[in-house]
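Undergrad: Shown below is the structure under consideration.
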Amino acid sequence: AAKHQGRNRFSYYLPSMRNEAKRRMRLSNDLRIALEEQQFKVYYQPIVDLADGSIRKAEALIRWQHPERGLINPGEFIAIAEETGRIVEMGDWVFQQAALQVKRWRKCYRPDFQVSVNKSPVQFQNDETFYKGWIEQLRRLGLNGNSVVIEITEGLLLDNKPIVNDKLLLFRDVGIQVAIDDFGTGYSSLAYLKMYDIDYLKIDRSFIRNLRPDSSDLVVCEAIIAMAHKLGMKVIAEGVETVEQRELLRVAGCDCGQGYLFAKPLPVQAFDALLHQAKQVMAFG
Ligand code: C2E
Ligand code: MG
Ligand code: MG
Ligand code: MG
């Protein structure tokens with residue numbers, strides 16, 4: 001698979017069965033250094049209201065600005081970070097950055113703006129401190145819980161561990177919202193949707209990619225939207241790349257869209273510029 005992804009990206013971490021253990025150790029060590037030396041950055045991708053085109057939220061997506069290898073996407077290091085437990089520290093840092101940004105954006109863009117943060121199942125296994133730390137951080141910043149949406153995957157809920165439910169309930173207590181990421185790709189058991197209090201379903205990109213007026217994917221999307229709305233959830237479509245996809249989703253009643261059609265994940269400055277532009281369009285148009 002690495003071969004197909006471009007020559008340069010994989011030159012350093014080229015997976016070879018024989019050297020796999022070594023590679024992992026090196027990557028794990030590099031991650032530690034990266035955390036110490038603050039080589040990570042958070043990019044933000046807009047989540048757009050399909051009814052009026054306004055930017056309602058942003059998803060925080062981590063990047064690794066490597067001194068020699070340039071910008072590395074999370075696909076290349078999240079799994080290792082999970083295995084080695086570094087994801088906990090990394091996730092806390094992303095949350096901290098996201099909280100600071102949402103505070104700014106609530107002040108200068110719109111007071112109901114939200115930032116969503118991905119949370120790995122590993123972060124739920126971990127000790128009791130993380131969520132208290134997060135909640136405490138919001139409190140210190142004077143932020144409402146509903147400034148933040150936590151994105152989790154279906155797999156986490158399938159396990160049906162009381163510990164997961166306890167922590168979700170704690171988030172719920174302070175108003176933090178919960179989204180199911182990549183919805184439809186896991187071993188979806190719809191039973192969990194009524195067991196937990198979920199705010200958003202994010203339809204996975206794989207259902208959006210081939211969306212056409214007469215496609216079975218459109219039927220699937222319409223069914224997800226109808227079910228979500230009846231259960232009191234909102235729907236965000238991932239990977240919206242074309243106007244046709246956006247229109248089909250809008251007509252189907254999908255609440256929000258996210259994807260390259262609107263913008264790629266952006267560094268803070270570029271995201272600020274986008275909001276600035278959007279605000280003027282909203283104010284004058
Ligand atoms: P995700 O949470 O499903 O994030 C959406 C991914 O889809 C992002 O990839 C985003 O760049 C990409 N994307 C958005 N719109 C489009 C589109 O129109 N077309 C295409 N082809 N792709 C689009 P990214 O940033 O590489 O992140 C990959 C995954 O890494 C994320 O998937 C998430 O599972 C994980 N991740 C990213 N940041 C974090 C983090 O801070 N913590 C944890 N635990 N996981 C993270
Ligand atoms: Mg996500
Ligand atoms: Mg996703
Ligand atoms: Mg996805």
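The values are calculated or read from the model by the stated rules, or taken from the named source; none is laboratory data. Everything quoted here is computed from the prediction, not taken from an experiment. For neighbour counting, all protein chains shown are included, and Cβ atoms are generated from backbone atoms with ideal geometry for every residue, glycine included. Note: accessible area is taken over every heavy atom of the protein model, side chains too, but ligands, DNA and RNA are not part of it. Shrake-Rupley method; radii C 1.70, N 1.55, O 1.52, S 1.80 Å.
Undergrad: Among the residues in region 63-75, are any touching a Pro at 6+ places or on another chain (Cβ under 7 Å), in a strand (DSSP E or B) and closer than 16 Å to VAL115 by Cβ?
TA: Within region 63-75, none of the residues are touching a Pro at 6+ places or on another chain (Cβ under 7 Å), in a strand (DSSP E or B) and closer than 16 Å to VAL115 by Cβ.
Undergrad: Would you be able to tell me the number of residues in region 35-51 that are within 10 Å of CYS256 (Cα to Cα) and outside any strand (DSSP E or B)?
TA: 2
Undergrad: Out of (1) closer than 16 Å to ILE198 by Cβ; (2) modelled with pLDDT under 95, what's the single condition that is false for SER120?
TA: Among (1) closer than 16 Å to ILE198 by Cβ; (2) modelled with pLDDT under 95, SER120 violates only (1).
Undergrad: Evaluate the following for VAL117: is it within 16 Å of ligand 1 (Cβ to nearest atom), assigned to a helix (DSSP H, G or I), open to solvent by less than 60 Å² (accessible area, probe 1.4 Å) and of a type in the set (A, V, I, L, M)?
TA: Taking the combined requirement at face value, the residue does not satisfy it.
Undergrad: While we're here: What about LYS107, is it modelled with pLDDT of 90 or more, among the basic types (Lys, Arg) and surrounded by fewer than 15 Cβ atoms within 10 Å (Cβ to Cβ)?
TA: Considered against the rule, which asks whether it is modelled with pLDDT of 90 or more, among the basic types (Lys, Arg) and surrounded by fewer than 15 Cβ atoms within 10 Å (Cβ to Cβ), LYS107 comes out as yes.
Undergrad: Tell me whether region 138-148 contains one or more residues that are within 16 Å of ligand 2 (Cβ to nearest atom) and open to solvent by less than 40 Å² (accessible area, probe 1.4 Å).
TA: Taking every residue of region 138-148 in turn, at least one turns out to be within 16 Å of ligand 2 (Cβ to nearest atom) and open to solvent by less than 40 Å² (accessible area, probe 1.4 Å).
Undergrad: Something else about it: Name the residues in region 1-40 that are over 16 Å from ILE80 (Cα atoms), modelled with pLDDT of 55 or more and basic (Lys, Arg), would you?
TA: The answer is ARG18, and nothing else.
Undergrad: On to the next question. Mind telling me which of the residues GLN38, GLN45, GLN97 ends up being open to solvent by 70 Å² or more (accessible area, probe 1.4 Å) and either closer than 30 Å to LEU143 by Cβ or within 16 Å of ligand 3 (Cβ to nearest atom) (or both)?
TA: Exactly one residue qualifies, and that residue is GLN38.
Yes/no matrix, rows are residues, columns are (1) under 19 Å from VAL117 (Cα atoms); (2) charged (D, E, K, R); (3) away from ligand 4 (no atom under 16 Å from the Cβ); (4) surrounded by 15 or more Cβ atoms within 10 Å (Cβ to Cβ):
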{"residue": "ILE176", "(1), (2), (3), (4)": "yes, no, yes, yes"}
{"residue": "MET195", "(1), (2), (3), (4)": "no, no, yes, no"}
{"residue": "SER216", "(1), (2), (3), (4)": "no, no, yes, no"}
{"residue": "GLY239", "(1), (2), (3), (4)": "yes, no, no, yes"}
{"residue": "GLN245", "(1), (2), (3), (4)": "no, no, no, yes"}
{"residue": "LEU249", "(1), (2), (3), (4)": "no, no, no, yes"}
{"residue": "LYS264", "(1), (2), (3), (4)": "yes, yes, no, no"}
{"residue": "ALA273", "(1), (2), (3), (4)": "no, no, yes, no"}
{"residue": "GLN277", "(1), (2), (3), (4)": "no, no, yes, no"}
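Undergrad: Give me the residue from region 180-193 that is within 12 Å of ligand 2 (Cβ to nearest atom) and closer than 22 Å to LEU169 by Cβ and, out of that set, surrounded by the most Cβ atoms within 10 Å (Cβ to Cβ).
TA: Step by step, filter region 180-193, then rank; the result is ILE180.
Undergrad: If you take the residues of region 178-193 that are among the aromatic types (Phe, Trp, Tyr) and at pLDDT below 85, which of them is nearest to ligand 4 (Cβ to nearest atom)?
TA: TYR187
Undergrad: So, restricting to helices (runs of 4 or more DSSP H) that lie completely within region 183-238, which ones have at least 2 residues that are touching a helix residue (DSSP H, G or I) at 6+ places or on another chain (Cβ under 7 Å) and more than 15 Å from ligand 3 (Cβ to nearest atom)?
TA: 216-230
Undergrad: Within region 198-208, can you find the residues that are more than 17 Å from GLU59 (Cβ to Cβ) and surrounded by 15 or more Cβ atoms within 10 Å (Cβ to Cβ)?
TA: Hit for region 198-208 is PHE207, nothing else.
Undergrad: Out of LYS279, LYS230, report the one residue that is farther than 25 Å from LEU61 by Cβ and basic (Lys, Arg).
TA: LYS230
Undergrad: Which pairs do you get when a residue that is among the acidic types (Asp, Glu), found in region 193-205, comes within reach of a residue that is open to solvent by less than 30 Å² (accessible area, probe 1.4 Å) and more than 12 Å from ligand 4 (Cβ to nearest atom), reach meaning Cβ atoms under 9 angstrom, with the pair 6+ apart or on two chains?
TA: ASP197/LEU168; ASP197/VAL178; ASP199/VAL149; ASP199/VAL178; ASP199/MET233
Undergrad: Looking at region 131-174 only, could you name the residues that are in a helix (DSSP H, G or I) and either among the aromatic types (Phe, Trp, Tyr) or within 16 Å of ligand 4 (Cβ to nearest atom) (or both)?
TA: Once the filter is applied, which keeps residues that are in a helix (DSSP H, G or I) and either among the aromatic types (Phe, Trp, Tyr) or within 16 Å of ligand 4 (Cβ to nearest atom) (or both), region 131-174 yields TYR131, TRP134, GLU154, GLY155, LEU156, PHE171.
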